[in-house]
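**Q** Below is one structure. I have some questions about it.
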Amino acid sequence: MDYYDAIAEGYAELHKEEQLKKIAIIKKHIQFHEKWLVLDVGCGPYFGDFPGKIIGIDPSFKLLKQAKIPVTQAIGEKLPFKDNAFMAVISVTALQNFTDIEKGLLEIKRVGKEYFALSVLKKSPKIKMIEELVPKLFPVQRIVEEEKDIIFFCRKKRF
């Protein structure tokens with residue numbers, strides 16, 4: 001993640017406005033609760049304002065230094081949390097940066113208990129693979145296309 005460390009200083013200026021639009025869409029489709037524990041995978045400096053206790057992970061140390069939530073430096077493919085630890089897992093425009101997307105999605109599913117909001121950059125060369133993988137691994141409830149991303153809203157099946 002050398003790229004994100006290199007742009008960390010100007011990241012908010014480059015991406016905050018577009019990230020806030022995606023966060024507003026996520027909040028419109030998932031009713032977050034104050035008691036929830038929520039994981040933001042690829043949180044960067046974290047622009048969200050979700051209710052509940054939010055924990056972020058990102059591989060970029062320099063972006064994490066800007067976050068005002070509890071954070072852990074980690075990659076999506078190896079989440080340092082217990083199974084079903086989070087009521088909701090969000091990932092805003094980060095999936096396409098994973099080295100092993102399937103492994104990362106399986107990790108997200110493993111640590112998430114119920115709700116998932118996963119956005120991916122439409123212009124990513126990995127978009128077709130992600131569009132095939134997400135429905136294979138998650139029960140997709142809704143797909144929302146916004147200007148730059150596709151957002152998958154999923155819920156874990158109850159057994």
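Read the figures in this text as sums done on the coordinates, not as results from a lab. Since the model is a prediction, treat every value here as computed from it, not as a measurement. Methodologically, a virtual Cβ is constructed for each residue, glycine included, from the backbone with ideal geometry; neighbour enumeration extends over all protein chains shown.
**Q** What ranking do ILE127, ILE23, ILE143 get, fewest neighbouring Cβ atoms within 10 angstrom at the top? Working shown, then result.
**A** Values: ILE127 16, ILE23 20, ILE143 13.
Ascending Cβ contact count within 10 Å gives the list ILE143, ILE127, ILE23.
**Q** I'd like the antiparallel share, as a percent to the nearest 5, of DSSP beta bridges with both residues in the range 2-155. Before the final figure, lay out each step's value.
**A** Numbers: 12 of 28 bridges.
That works out to approximately 45 percent antiparallel.
**Q** Another question, if that's okay. Please state, to two decimals, what the Cα-based radius of gyration of the chain comes to when divided by 2.2 N^0.38 Å (N = residues). Walk me through the intermediate numbers first.
**A** Working: Rg = 14.2 Å, N = 159, 2.2 N^0.38 = 15.1 Å.
Against the empirical 2.2 N^0.38 Å value, I get 0.94 for the chain.
**Q** Follow-up. Would you please put 33-41, 85-93 in order of how densely packed they are, using the mean number of other Cβ atoms within 10 angstrom per residue and starting with the highest?
**A** 85-93, 33-41
**Q** Right, something else. Students often get this wrong: which residues of the range 90-121 have the backbone nitrogen under 19 Å from the point 7 angstrom along Cα-to-C-beta of GLN73?
**A** It comes to 98-99, nothing else.
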